[in-house]
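Q: Encoded as structure tokens, here's the structure I'll be asking about.
The values are calculated or read from the model by the stated rules, or taken from the named source; none is laboratory data. Everything quoted here is computed from the prediction, not taken from an experiment. No Cβ is skipped: glycine too gets one built from the backbone with ideal geometry, and neighbour counts run over all protein chains shown.
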Amino acid sequence: MVRALGLLFFLAVTWLLLSGIYDNNLLFWLGAASCLLCVFIARRMDVIDHEGTPLELGWRIIVYWPWLFVEIVKANIDVIGHLLRPTLNISPTLIRSKTLQRTDLGRVIYANSITLTPGTLSLDIDDEKGILVHALSRAGAEGVLTDDMNRRCAALESDRLHARAQKDRTP
Amino acid sequence: MIFAIGALGLLVAMLLALSRALLGPTLLDRVMAVNMFVTTPLLLLAVLGYLGGRPEFLDLALVYALMNFIGIIAVLKYFRYRDLGQSRARS
Amino acid sequence: MNLDSGIPLGDWEAIINVALLGLLLLVTIGIIRVRNLFAVVMLAGIYSLLMALVFTLLDAVDVAFTEAAVGAGVSTILSLGTLALIDSRREKVPNRFQFVPLLVSLAAGAVLFWGMQDMPAVGSADAPNQVHVAPYYITQTQADIDVPNIVTAVLASYRGFDTLGEVTVIFTAGIGVMMLLSAMPVIGARRRRRREDDDGDGDKAPNDGGNA
Amino acid sequence: MDWVTIVSGVLVIGGAMLTVVGAYGTLRLPDLYTRLHAASVTDTLATFMILAGLAVPSLFAGEWLITVKLVFILIFLWFTSPIASYSVGHAAFFAAQKPKLDHDLTDGEGDAA
């Protein structure tokens with residue numbers, strides 16, 4: 001129920017910000033009705049769970065995003081340097097990175113963070129073998145192997161999220 | 001002026017991405033090029049809104065972003081399962 | 001709502017228009033040249049996106065919205081659904097130069113150009129469609145219906161019965177397509193089985209693209 | 001020229017240059033996997049720079065609803081683009097398109113695929 005309310009709140013805020021019309025009663029109530037309908041359908045589809053509305057991530061994700069942004073900028077500068085060099089000096093590398101996360105949600109965040117930073121690209125996720133990463137250069141691959149991002153993604157998962165994931169897995 | 005230069009740069013980028021989509025060589029190269037191509041008209045749309053002094057039209061850019069995503073997922077689902085209807089167990 | 005013709009881009013409008021139309025031409029040539037239906041579907045999606053940009057430049061934002069959502073999104077997915085049902089890999093390549101189709105399309109293009117001579121300039125204020133009912137809609141919508149978007153007001157209220165008829169037609173067509181498709185899975189399954197007999201792995205993606 | 005114009009100009013033009021660089025990279029690099037890296041330059045930093053360059057003048061003109069729309073576009077793109085890239089790379093890898101590799105630090109998976 002808390003999750004449904006959270007989703008409703010998020011949808012309502014999105015609707016209000018995107019429409020920008022507040023002095024028209026008809027449109028206002030139609031918007032409210034469409035938000036409620038969306039939440040109702042989402043409940044029927046059974047997608048309101050710890051993955052659909054991950055409220056447990058809370059403030060941790062707010063701290064993680066700026067760090068990820070700095071990483072993205074650094075990786076971009078690196079890749080642009082590779083692209084603009086007159087002679088192509090790349091050394092494509094394939095590695096496996098063992099995941100330290102305990103939940104699927106954490107693994108997905110880690111894999112998407114790897115893909116979002118240019119120069120590294122996750123190709124496959126396997127629970128035992130870890131994430132298969134294709135890197136543009138050997139240095140980039142070694143950057144992944146230092147597990148900095150891996151540990152930060154693991155730190156995103158609170159115990160409550162872990163417990164919730166366990167509970168959702170065994171219905 | 002700055003927005004016009006930005007728009008011209010985006011048009012050049014569109015041309016380059018399009019030539020990758022036309023060159024191939026494999027089918028997935030084309031998918032990748034199309035995926036990248038969609039980002040540039042989206043940005044061009046946003047820049048054009050400012051160039052014309054009517055930035056309210058960013059809604060359209062939002063539709064582009066969502067449609068791009070749905071389209072690519074449909075393409076790759078078709079690619080993997082050869083079908084859009086049912087999701088079979090992964091092979 | 002401002003009544004200017006198009007987004008006022010000034011000197012840049014011509015350059016951007018020509019560049020966009022050039023890209024459209026390139027995509028069209030690509031659609032004709034590429035011999036893989038899957039790639040053609042994706043290029044058609046690009047075509048719709050560029051078309052939506054051109055509509056935006058013409059200040060037809062509602063049309064651009066529809067083009068982006070339906071042309072690039074829904075129709076790509078529908079074409080892919082069709083490709084999943086038909087056998088898309090064996091395609092007959094005409095090796096002879098086709099003279100008659102070229103003649104027909106050139107003639108049609110010439111007729112369109114000829115007809116264009118009588119059209120008023122794009123967005124001119126004294127064009128017939130601008131002086132008929134359009135001024136009434138533009139000035140009175142806010143008082144009559146109190147909806148910010150005039151196009152929506154015209155479609156859903158001023159011409160509500162018209163729209164109701166259109167929706168009925170589309171709904172009927174949708175039911176027809178669904179009934180057809182509910183009979184199709186049998187055919188699709190048979191085809192898949194044959195494909196698996198053909199090349200062993202029916203689920204793997206093909207590597208045969210790009211022989212453009 | 002006031003500094004708002006300068007900042008937004010640098011961001012927009014720089015972002016447009018980066019999209020050109022990313023697109024040029026997809027033409028220059030040798031195989032699909034490396035091209036995906038170049039494409040992600042366009043999807044991440046270039047997009048951010050252009051949208052930020054547009055957000056600066058609206059923010060200072062007090063039109064914060066437009067700024068919010070720009071932020072929404074950026075969030076949608078950054079949430080969805082890695083999923084699309086992953087899907088392309090995954091599909092290619094399991095369609096047995098071998099990546100061209102200099103170093104394979106796994107147990108030869110790049111050859112086996």
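Q: Go through A:GLY130, A:GLY119 for me and flag whichever is small (Gly, Ala, Ser) and facing chain D (nearest Cβ under 9 Å).
A: Answer to the selection: A:GLY119.
Q: So, in the stretch C:9-43, of the ones that are without any contact (Cβ under 8 Å) to a residue 12 or more places away in the chain and of a type in the set (Gly, Ala, Ser), which residue ends up nearest to B:LEU27 (Cα to Cα)?
A: C:GLY22
Here is a yes/no grid of residues against (1) under 22 Å from A:SER91 (Cα atoms); (2) surrounded by fewer than 16 Cβ atoms within 10 Å (Cβ to Cβ); (3) without any contact (Cβ under 8 Å) to a residue 60 or more places away in the chain; (4) of a type in the set (Gly, Ala, Ser):
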site: A:ASP126; (1), (2), (3), (4): no, yes, yes, no
site: A:ALA141; (1), (2), (3), (4): yes, no, yes, yes
site: A:THR146; (1), (2), (3), (4): yes, yes, yes, no
site: A:ARG152; (1), (2), (3), (4): no, no, no, no
site: A:ALA155; (1), (2), (3), (4): no, yes, no, yes
site: A:ARG164; (1), (2), (3), (4): no, no, no, no
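Q: So which of B:ALA13, B:ALA4, B:ALA74 ends up being within 7 Å of another protein chain (Cβ to nearest Cβ), in contact with a Phe, Trp or Tyr (Cβ under 6 Å, 6 or more places away or on another chain) and without any contact (Cβ under 8 Å) to a residue 60 or more places away in the chain?
A: Within the list B:ALA13, B:ALA4, B:ALA74, the selection yields B:ALA4.
Q: Quick one: how many residues across the stretch A:112-162 are of a type in the set (Ser, Thr, Tyr) and over 15 Å from the mean Cα position of the chain (by Cα)?
A: 4
Q: Okay, next question. Among the residues of the stretch B:8-33, which ones are among the β-branched types (Val, Ile, Thr) and at pLDDT 85 or above?
A: B:VAL12
Q: Within the stretch B:36-53, work out how many residues are in contact with a Ser or Thr (Cβ under 6 Å, 6 or more places away or on another chain) and over 15 Å from D:THR44 (Cα atoms).
A: Of the residues in the stretch B:36-53, 0 are in contact with a Ser or Thr (Cβ under 6 Å, 6 or more places away or on another chain) and over 15 Å from D:THR44 (Cα atoms).
Q: If you don't mind, there's one more thing I want to ask. May I ask you to verify whether D:VAL56 is surrounded by fewer than 17 Cβ atoms within 10 Å (Cβ to Cβ), part of a helix (DSSP H, G or I) and at pLDDT 85 or above?
A: no
Q: Among all residue pairs at least 6 apart or on different chains, which show Cβ distances below 8 Å where the first residue, located in the stretch A:71-93, is crowded, with 17+ Cβ neighbours inside 10 Å and the second is in a strand (DSSP E or B)?
A: As it stands, the answer is A:ALA75/A:THR120; A:PRO92/A:HIS134; A:PRO92/A:ALA135; A:PRO92/D:HIS103; A:THR93/A:HIS134; A:THR93/A:ALA135; A:THR93/D:HIS103; A:THR93/D:ASP104, since those pairs meet every condition given.
Q: I'd like the full set of residues that are at the interface with another protein chain (Cβ under 7 Å from one of its Cβ atoms), in a helix (DSSP H, G or I) and not β-branched (Val, Ile, Thr), limited to the stretch D:84-101.
A: Within the stretch D:84-101, D:ALA84, D:SER85, D:TYR86, D:SER87, D:GLY89, D:HIS90, D:ALA91, D:ALA92, D:PHE93 meet the criteria.
Q: Only one of C:ASP118, C:ASP87 is farther than 29 Å from C:SER157 by Cα, charged (D, E, K, R) and modelled with pLDDT of 80 or more; which?
A: Answer to the check: C:ASP118.
Q: Can you tell me how many residues in the stretch A:122-171 are touching a strand residue (DSSP E or B) at 6+ places or on another chain (Cβ under 7 Å), under 15 Å from D:ASP104 (Cα atoms) and assigned to a helix (DSSP H, G or I)?
A: Final tally of qualifying residues: 5.
Q: A further question on this structure: It is to be established whether one or more residues within the stretch C:44-55 are without any contact (Cβ under 8 Å) to a residue 60 or more places away in the chain, more than 10 Å from the chain's Cα centre (by Cα) and outside any helix (DSSP H, G or I).
A: no
Q: Turning to a different aspect of this structure: Please enumerate the residues belonging to the stretch A:100-116 that are of a type in the set (S, T, N, Q) and either more than 11 Å from every other protein chain (Cβ to nearest Cβ) or in a loop (DSSP other than H, G, I, E, B) (or both).
A: Correct list: A:GLN101, A:THR103.
Q: Considering only residues of the stretch A:82-99 that are closer than 17 Å to A:THR115 by Cα and part of a loop (DSSP other than H, G, I, E, B), which is nearest to the chain's Cα centre (by Cα)?
A: A:THR99
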